[in-house]
Amino acid sequence: MDRKKRLKIQKGVRIAIQIVFLLLAPAVFTSAFAGVKYIFTQLASAQMLEWSAFLKALLGICLFTIIFGRFFCGYACAFGTLGDLLYMFSAFVQKKTKKKLPKIPEKAGSYFRKIKYLILAGVVVTCLLGVYDKFRGSSPWDVFSRLTSLQLPGRAYLVGSIILLLIMVGMIWEERFFCKYLCPMGAVFSLLPILPVSLYCRDRESCINGCSACKRQCPVSLDIDGDTKDSGECIQCNQCLTACPKENIHTGIKIKGNEIWLIIGKAVVLLDICYLLQLTR
């Protein structure tokens, strides 16, 4: 099967999985994020952690990520899917008008990636100080949480709504803008230890000199090496693997030709977890 056909099939499967999770489990991101806030809010008030729905969501998705990598980010996160849809529309318009938006330089992007860790730290600190609720109306994630539960944000969420709109502009501008630079849950997931068997690796000795097909296709602009310091940034979208003209990229388990079935299998496992955690509609 040629590379273009592989990419087309892979993208089709990914979009189908994203739509399924968007329809059946749109609130997983916000539930897991609420779990982070719950832990530090309880610590601040010196109260015992209870086995709450939010804590279950956080631990369940984190455990899945440790085993399978950040597949949730690449295939199941409603916020990520929103970004992909907006960027797909943007890419279509750019192609039709033959005018491309300027990209964020790679060096600047490497610094911008650190912003999401600062945001996570800010959330943790405000929870520990017991003042997070005072900023609720300014939180784009709380606005998004209301939207995924089919509630319109009121006037109290005006600032958060404006910030969410600005984030959506960024999503139009750059692929996976939010995931790369701003997502606090992405910061949590990137800090988790991921089993080596789920990391992408590249057989460099077989690569074509000067080829950068994998990096050009990567929505988060990574070099594909499972042992790099940035491996936790990989969202497991599989685009690098299908883009490689030599088929040199693989996870710890080499299953050349059956990658799509592995993706579907991961999606089924994740959907089962969401069902068990009562995160599906």
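Just a few scattered comments:
- Test: L86 is part of a loop (DSSP other than H, G, I, E, B) and either among the polar types (S, T, N, Q) or closer than 23 Å to A25 by Cβ (or both): no
- Those residues of segment 201-225 which are in contact (Cβ under 8 Å) with a residue 12 or more places away in the chain, open to solvent by 20 Å² or more (accessible area, probe 1.4 Å) and closer than 16 Å to K246 by Cα, in sequence order: C201, R202, D203, R204, S206, C207, I208, C211, K215, R216, Q217, D225
- Test for L120: is it in a helix (DSSP H, G or I) and in contact (Cβ under 8 Å) with a residue 12 or more places away in the chain: yes
- Selection count where residues are of a type outside the set (A, V, I, L, M, F, W, C), touching a Leu at 6+ places or on another chain (Cβ under 6 Å) and over 26 Å from L195 (Cα atoms), scope segment 39-70: 1
- Checked against (1) outside any helix (DSSP H, G or I); (2) among the β-branched types (V, I, T); (3) open to solvent by less than 20 Å² (accessible area, probe 1.4 Å), I104 passes all but condition (3).
- Evaluated against (1) in contact with a helix residue (DSSP H, G or I) (Cβ under 7 Å, 6 or more places away or on another chain); (2) hydroxyl-bearing (S, T, Y); (3) under 25 Å from I104 (Cβ atoms), S212 falls short on exactly one condition, (1).
- Of all the residues in segment 31-64, those that are part of a helix (DSSP H, G or I) and closer than 21 Å to L129 by Cα number 15.
- With respect to the conditions (1) part of a loop (DSSP other than H, G, I, E, B); (2) open to solvent by less than 20 Å² (accessible area, probe 1.4 Å), I194 lacks only one, and its number is (2).
- Residues in segment 126-168 that are closer than 17 Å to F33 by Cα, surrounded by 13 or more Cβ atoms within 10 Å (Cβ to Cβ) and of a type in the set (A, V, I, L, M) were compared, and the one that is modelled with the lowest pLDDT is L147.
- Residue, most open to solvent (accessible area, probe 1.4 Å), within segment 17-53, restricted to residues that are among the aromatic types (F, W, Y) and more than 17 Å from R281 (Cβ to Cβ): W51
- Filter pass, S90 being within 21 Å of R176 (Cβ to Cβ), of a type in the set (G, A, S) and over 16 Å from the mean Cα position of the chain (by Cα): yes
- Residue within segment 68-84 that is of a type outside the set (S, T, Y), on the phi > 0 side of the Ramachandran plot and open to solvent by less than 20 Å² (accessible area, probe 1.4 Å) present: yes
- Conditions (1) under 24 Å from V36 (Cα atoms); (2) modelled with pLDDT under 85; number of the one not met by L192: (2)
The values are calculated or read from the model by the stated rules, or taken from the named source; none is laboratory data. Everything quoted here is computed from the prediction, not taken from an experiment. Quick reminder, even Gly has a Cβ in these numbers, built from the backbone with ideal geometry, and neighbours come from all protein chains shown. Ligands, DNA and RNA are stripped out before the accessible areas are found, and what is left, the full protein with its side chains, is counted by its heavy atoms. Shrake-Rupley method; radii C 1.70, N 1.55, O 1.52, S 1.80 Å.
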